[in-house]
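First comes the structure, then the notes that go with it.
Only the coordinates and a few stated rules stand behind these numbers; no lab work does. Keep in mind the model is a prediction, meaning the values are calculated, not measured. For neighbour counting, all protein chains shown are included, and Cβ atoms are generated from backbone atoms with ideal geometry for every residue, glycine included.
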Amino acid sequence: MNSDLDTDRPPVSGTQGTATHIWQDREIRFDIPLAHLDLRRGEFQIDSMDSVEDTKGNNGERGELIITNLRLVWWSHKNRRTNLSVGYNAIISINIRTASSRLRGSTQALYVLTKFNGSRFEFIFTNLVRNSPRLFTTIQAVFRAYDTTKLYRDLKLRGAIIQDKELKLLPHEQTYNKVHGVWNLSSDQGNLGTFFITNVRLVWHANLAENFNVSIPYLQMKSIRIRDSKFGPALVIETTPRSGGYILGFRVDPQERMRDIYKEIQSLWQVFSVNPIFGVEFTLEDRPQSLSNVTVPRTTDDVEIVNQDDDTADVFVAYYADGTKNQDRDPMFHPDLGLAMESLRDGVTKSSSGVCSERPDGDSKDAGASKATIHGTRDRRAASLSQFSRNPNTHSKGLNRLAKIFE
């Protein structure tokens, strides 16, 4: 559909090179600079897996696999300069077969067969997370979504894009203008047709034959200008070499109207270049949440803790033989023992051997039944000193009483 244009004449007006070169979905690159691993405008990450092995070229190395709407990106955890970038447009087929992994042994792996610049490449990716099908399901689904949305990215001739003289809109596509009376200058006599100007592409079809049409995505435009031809001033659109390098000429009368159409297409092309629409829409339903999303922030209970050291009792207090004791008695000096001791409670006497016994109660019928001996003087002394150390006030009072005894 090349037009009969005089390409030697200078353009009356035009724009060239507005669209940047897009290689991410069409090329295979090895060990690229780290800056090329970053997402370009219009590219977004769909999923990521941080335990994937490149079994074909880096067997035994754990790495991270990024799945975007345009390509697969893998890099090694040891060195990010060891990386791969595989565009979906270069993929021929995707299969699941058994592979030999140094990290997992014989296991199921994803085989990706590609073709780029006349050479075939095979990539084998192994998910090191056991019993996880994400590697297989996600990549296959994203590739199908890319393969079925080529009208967003590729120039299409004679496609089934017109029905009842109306354009079949793509998802997220909007028609901004419909222009009648547009001549396609691809033949000597020309063909009269209609322009559809959208936010994604420029479409022309013949009025007499809807299947005689062309769809030109903004992604494939190399330049747009108004220049002279043998039919007079014409709107000339040149496509990129990847799309065939077509030169398409259109004429609209009067010339003022053609200039307005040129400005509208130029403006939409520039807006599209800022944020391209590649057409791949994908949502993960069972995507695991990131650690930052499931982390619960640490909170402090709004509880005031009151210091109750004076009233706090140890757990073993309930097991004291003297269960009715609530506070320490005054210390006294025991000449037989040669040390200070807590004064005895009422009804208890001391002997020279250090054995304490209960005095018999006058009302008791059996005086021998009322006697009790308390052994372990050292344990009593340790317990008394422990009480002093737990309560600073009691400790200081006890020291003062000891000082008076030894004066």
Discussion item. Report the gain in length on full extension from residue 103 to residue 35: 0.36 nm times residue separation, minus Cα-Cα distance, nm rounded to one decimal.
Written reply: 21.6 nm
Worksheet item: What is the percent of Cα-Cα separations in segment 105-240 that go past 23 Å?
Response: 51
Fill in: Greater than 20 Å apart at Cα, pairs in 150/222; 178/263; 115/168; 56/115; 115/150
115/168
Worksheet, complete the sentence: Here segment 37-191 gives, from Cα atoms, an Rg and Dmax in Å of 20.7, 68
Discussion item. What whole-number distance in Å separates the alpha-carbon centres of segment 61-122 and segment 21-43?
Written reply: 15
Discussion item. Testing the spin-label approximation: label points 7 Å from Cα along Cα→Cβ at residue 332 and residue 132. State their distance in nm.
Written reply: 7.7
Fill in: For segment 42-56, Karplus couplings with θ = phi - 60° (6.51, -1.76, 1.60), whole Hz, Gly/Pro x
x, 9, 9, 7, 9, 7, 9, 9, 9, 9, 10, 9, 7, 5, 6
Worksheet item: Given a Förster radius of 45 Å and the C-beta distance between residue 64 and residue 264 as r, what FRET efficiency does 1/(1 + (r/R0)^6) yield to the nearest 0.05?
Response: 0.55
Discussion item. What does the extension gain come out to for residue 255 and residue 48, with contour length at 0.36 nm per residue minus their alpha carbon separation?
Written reply: 69.3 nm
Worksheet, complete the sentence: Pseudo-spin-label distance residue 113 to residue 21, built 7 Å along Cα→Cβ, given in nm, is 3.0
